[in-house]
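What follows is one structure encoded as structure tokens, with my remarks underneath.
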Amino acid sequence: MNETEYRRNNAMVACIIAVILVGGIVIGVASLVGSSHFPGGIWNTSDAKTLFEFERVGEPIPDAITLDINVNVGDVNVIFEDNATLTYAISILVPNASLRDNGNPTVSWSSNTIAVGYPVCSINITLGTSATYQMFFTIDTGELTINLSDSAKVGNIEATMTTGSIKVLMSEDVSVQGDIVFTLTVATGSITMVIDLPSDVGGRFAGSTTTGTVDVTQLGWNELGSNTYETSNYNSAADTVTINASVDTGSVQATLS
């Protein structure tokens with residue numbers, strides 16, 4: 001097995017700012033900003049950044065892997081690569097001021113679980129195609145994008161966010177085994193989904209807001225009422241995806257096919 005756990009690049013990296021527009025409220029989320037403990041607070045974007053890279057490749061790769069991500073402020077992006085030898089490739093971009101407060105970020109690999117937790121950062125995650133990945137995300141303020149494609153093997157996904165946006169893109173070339181559940185929850189912000197299920201996989205979608213809107217565009221799904229939709233084979237398919245998307249204040253948008 002060829003495993004590289006850590007590489008550090010001290011070159012200056014340009015500031016990345018993710019600006020989230022939610023229901024007329026502009027939530028400025030500088031994904032690579034410093035903590036409130038240094039001058040300028042969380043809005044200080046002038047600080048230099050440091051890039052950390054982590055990778056695990058080669059055999060053995062377990063059949064099932066858990067991804068567990070915790071971020072206070074920042075953005076997280078997940079993609080898949082059609083690579084049977086890759087367990088993970090993760091880059092973490094951190095403001096140097098945050099490094100002074102919190103030390104270097106780490107990626108933990110234990111009991112078939114990839115774990116990353118850091119207060120303020122931007123994380124890009126690339127996963128391989130040998131294992132089935134279940135994913136758990138806890139983000140206070142920021143943006144989460146999950147791109148399920150390139151022959152990804154998909155398990156349960158649970159994402160909880162206080163303020164910001166969650167985006168999930170799913171293409172029909174993914175692999176689903178058994179009954180899996182996507183549970184997406186945002187207190188203030190938005191959830192956007194584009195779901196293209198494999199033809200033999202049953203699907204069920206339920207979207208809800210306390211204050212806001214739910215907008216669903218569907219092709220071939222049956223409307224059950226209360227912003228709930230199912231494919232015709234949901235109750236008979238051997239493999240199913242059940243999606244629950246809930247926003248307290250904001251919006252849910254879904255395109256289902």
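The values are calculated or read from the model by the stated rules, or taken from the named source; none is laboratory data. What you see is a predicted model; the values in this text were computed from it and never measured. Don't worry about glycine lacking a Cβ; one is built from the backbone with ideal geometry, like all the others, and counts go over all protein chains shown. Side chains included, ligands, DNA and RNA excluded: accessible areas come from the protein's heavy atoms. Shrake-Rupley method; radii C 1.70, N 1.55, O 1.52, S 1.80 Å.
Below, the figures for the structure above:
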{"read-out": "Looking only at segment 119-136, and only at residues there that are touching a Gly at 6+ places or on another chain (Cβ under 8 Å) and not small (Gly, Ala, Ser), the one that is most open to solvent (accessible area, probe 1.4 Å)", "value": "GLN134"}
{"read-out": "Subset tally (residues that are open to solvent by less than 80 Å² (accessible area, probe 1.4 Å), of a type outside the set (D, E, K, R) and touching an Asp or Glu at 6+ places or on another chain (Cβ under 9 Å)) for segment 228-242", "value": "6"}
{"read-out": "Qualifying position, being more than 18 Å from GLN134 (Cα to Cα), open to solvent by 20 Å² or more (accessible area, probe 1.4 Å) and at pLDDT 95 or above, among VAL247, VAL194, VAL252, VAL181", "value": "VAL194"}
{"read-out": "Any hit, segment 62-69, residues being surrounded by fewer than 16 Cβ atoms within 10 Å (Cβ to Cβ) and more than 19 Å from GLU158 (Cβ to Cβ)", "value": "yes"}
{"read-out": "Subset of segment 98-113 (residues that are in a strand (DSSP E or B) and either small (Gly, Ala, Ser) or within 21 Å of GLN177 (Cα to Cα) (or both))", "value": "SER108, SER110, THR113"}
{"read-out": "First in segment 103-120 and closer than 12 Å to ASN70 by Cα, second anywhere and in a loop (DSSP other than H, G, I, E, B) and open to solvent by 20 Å² or more (accessible area, probe 1.4 Å), Cβ under 8 Å, 6 or more apart", "value": "VAL116/THR106"}
{"read-out": "Hits in segment 167-197 - residues which are assigned to a strand (DSSP E or B) and of a type in the set (S, T, N, Q)", "value": "SER175, THR183, THR185, THR188, SER190, THR192"}
